[in-house]
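The structure appears below as structure tokens.
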């Protein structure tokens, strides 16, 4: 009898556990659908004609490729995406290199007011970039960079977030490695290339995702400093496309918006493992 009771109680516990797991998964699925609904709606509307978009239908149409082709050629979406890709890649590479060098200096070099300078770097995180637009516009205009790539690349090459992440990463690396490298005659840059960078792959990947997406999503500053469509970025181009589509084919706008998120999505998918591990400071990577 005791065996039967124990068996029944175990079955009840197993059944209860399964229901709890089912409930958790149901809640997560509903939450994911709610979050993904705007993107799903954009994909569906991107397959429809202009007349279908203005309706309430959420059925897939058969005009996605024609809408993409129209946006790519007639609305210059291809040019805008090319410009955004050039800018995002340059900003990501520049920020990564400068952040590595700055973190190397803060961790392995001794110089006056080092703590104060690092505090100022962190303080810059509290300043919204919008308040710098007027002064930045004046500087860029005097340099003659209006309507050029450097106007939207150079002002964003410094990254306080990157300096902080790499500094925390370097501080976790045993100092004995630096001593051994110094004894072997390795200079700071060689130590950075052969030791620090291989040990910081996850942090580099995490920063690359953040900076690429941030550079790709630039809107306000390019809108202010770039007037030439040949150098304009995709976010401003989509705004112009939506303005031109008033009363016309919003399916083209939705298709263009869906295509414009593909590069950041590819970068995030390729570096998602590094992105998830890169912020696990203080834990094994």
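The values are calculated or read from the model by the stated rules, or taken from the named source; none is laboratory data. Computed from a prediction, not measured in an experiment: that's the story for all the values here. With ideal geometry, Cβ positions are generated from the backbone for all residues, glycine too; neighbour counts draw on all protein chains shown.
Whether any residue in the stretch 135-157 is out of contact with any helix residue (DSSP H, G or I) (no Cβ under 7 Å at 6 or more places or on another chain) and surrounded by 16 or more Cβ atoms within 10 Å (Cβ to Cβ) is what I want to check. Yes, the stretch 135-157 contains at least one residue that is out of contact with any helix residue (DSSP H, G or I) (no Cβ under 7 Å at 6 or more places or on another chain) and surrounded by 16 or more Cβ atoms within 10 Å (Cβ to Cβ). If you go through the stretch 67-92 and keep only what is surrounded by fewer than 16 Cβ atoms within 10 Å (Cβ to Cβ) and more than 14 Å from residue 234 (Cβ to Cβ), you end up with 69, 73, 74. Residue count for the stretch 187-207, restricted to those that are surrounded by fewer than 17 Cβ atoms within 10 Å (Cβ to Cβ) and outside any helix (DSSP H, G or I): 1.
Against the test of being assigned to a loop (DSSP other than H, G, I, E, B), surrounded by fewer than 13 Cβ atoms within 10 Å (Cβ to Cβ) and modelled with pLDDT of 85 or more, the options 59, 110 yield a single qualifying residue, 110.
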